[in-house]
Structure formats: C-alpha cells, structure tokens
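Asks: Got a structure for you, written out below as structure tokens; questions coming shortly.
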Amino acid sequence: MSTKHEAGSLILRLVLGISFLVHGWIKFQSGIDNIAGWFQSIGLPGFAAYAVAVIELVGGIALIVGIGTRIVSVLFALIMVGAILLVKLAAGFAGNGQMPGYELDLAFLAMAIYLALNGSRLYSLGSLFGSNPKNAA
C-alpha cells in the first residue's frame, strides 16, 4: 500500500478509534444499567449493552494504538449494522426531528469496512508484532 493510502488509513483508524472510545466511555459514564434497560425496551437482551460498550471502549483503544485493526473493525461494522437496522432506520437518513438519522452510523460503517478490508499499518503496534507484514494491523 502506498504512503498516501497508509496515511489515509491511519486517519480513518484514529478517528474511528477515538469516536468509538468516546461512545463506549459515555455508555459507562451515563449509567450502563440505564443503557441495558433501553436495550431491553427495544427488544434486545440487556447484556448486549455491556458487550457493545466494552467492544466500543476496548476496541477504540485498540484502533488508536493499531492492534487488531481488522478484527475490531469487523466488530464495529456489526455494531453499526445493528444500530442502523434496529434503531435508526425508522428515523431516516437525516433523522425525523425526534431522533437522529443513520448518516453518522453509515459513515462509521463505511470506515470500519474499509479498515477491515485494508488494515492500517502506519504507526501501529500490530505492524511491530505481526509475522506477516501484509496482514499486520
């Protein structure tokens, strides 16, 4: 991958990592039990809130430092597909005045898919430890 592509991947990795880290942190700060209750109110098991929050928090950190980029990105993509289909789709692309739309979720999904397919080795710890540089990070 060219230096330009690696720089672009680094930007995506950092922005996506920071964004998910913050979203995970907010879930814990605002009361994860409340989030679990909300999950149950929309028909999801409450424990899923804990799983999502941990994936967002730990996965965000992993992306920022560049460890497991492809795996974490797949997990983030799955979370975004779930958020779009189960929560945001009814509000439309830009929202309905009462609830935000799925435009940000779609952008996060696209970023996650890109990173899952291409990885991001520039300034990543994963590239230091990967046995195959092509598959690192």
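Asks: Looking at I42 and the list (1) modelled with pLDDT of 95 or more; (2) out of contact with any Gly (no Cβ under 8 Å at 6 or more places or on another chain), which single condition is not satisfied?
Replies: (1)
Asks: Consider S73 carefully, then state whether it is surrounded by 14 or more Cβ atoms within 10 Å (Cβ to Cβ), of a type in the set (S, T, N, Q) and over 18 Å from G119 (Cβ atoms). Break it down stepwise before answering.
Replies: Working: surrounded by 14 or more Cβ atoms within 10 Å (Cβ to Cβ): yes; of a type in the set (S, T, N, Q): yes; over 18 Å from G119 (Cβ atoms): no.
For S73, the condition - surrounded by 14 or more Cβ atoms within 10 Å (Cβ to Cβ), of a type in the set (S, T, N, Q) and over 18 Å from G119 (Cβ atoms) - is not met.
Asks: Do we find that H23 is at pLDDT below 95 and either surrounded by 16 or more Cβ atoms within 10 Å (Cβ to Cβ) or under 22 Å from G126 (Cβ atoms) (or both) in this structure? Break it down into steps so the answer makes sense when it comes.
Replies: Values: at pLDDT below 95: no; either surrounded by 16 or more Cβ atoms within 10 Å (Cβ to Cβ) or under 22 Å from G126 (Cβ atoms) (or both): yes.
So H23 fails the test.
Asks: Mind listing whichever residues of the range 8-35 are assigned to a helix (DSSP H, G or I) and more than 19 Å from the chain's Cα centre (by Cα)? Step through it out loud before you land on a result.
Replies: From the range 8-35, those assigned to a helix (DSSP H, G or I) are 8-29, 32-35; that's our starting set.
Within the range 8-35, D33, N34 qualify.
Asks: Follow-up. Residue under question is G101, and the condition is that it be over 11 Å from the mean Cα position of the chain (by Cα) and surrounded by fewer than 17 Cβ atoms within 10 Å (Cβ to Cβ); does it hold?
Replies: Details: over 11 Å from the mean Cα position of the chain (by Cα): yes; surrounded by fewer than 17 Cβ atoms within 10 Å (Cβ to Cβ): no.
Answer is no for this residue.
Asks: I71: farther than 24 Å from G43 by Cα, at pLDDT 95 or above, of a type in the set (A, V, I, L, M, F, W, C) and not in a helix (DSSP H, G or I), yes or no?
Replies: Working: farther than 24 Å from G43 by Cα: yes; at pLDDT 95 or above: yes; of a type in the set (A, V, I, L, M, F, W, C): yes; not in a helix (DSSP H, G or I): no.
No.
Asks: So which residues in the range 73-118 are in contact with a Gly (Cβ under 8 Å, 6 or more places away or on another chain) and either in contact (Cβ under 8 Å) with a residue 60 or more places away in the chain or within 22 Å of L10 (Cβ to Cβ) (or both)?
Replies: Answer for the range 73-118, where residues must be in contact with a Gly (Cβ under 8 Å, 6 or more places away or on another chain) and either in contact (Cβ under 8 Å) with a residue 60 or more places away in the chain or within 22 Å of L10 (Cβ to Cβ) (or both): L75, F76.
Asks: Could you run through the range 76-92 and say how many residues are of a type in the set (G, A, S), farther than 20 Å from G43 by Cβ and crowded, with 17+ Cβ neighbours inside 10 Å?
Replies: Step one: of the range 76-92, the residues of a type in the set (G, A, S) are 77, 82-83, 90-92.
Of the ones still in play, those that are also farther than 20 Å from G43 by Cβ are 77, 92.
After this cut, where a residue has to be crowded, with 17+ Cβ neighbours inside 10 Å as well, the list is 77.
Adding up the residues that qualify gives 1.
The values are calculated or read from the model by the stated rules, or taken from the named source; none is laboratory data. Everything quoted here is computed from the prediction, not taken from an experiment. Every residue, glycine as well, gets a Cβ built from its backbone with ideal geometry; the counts of neighbours run over all protein chains shown.
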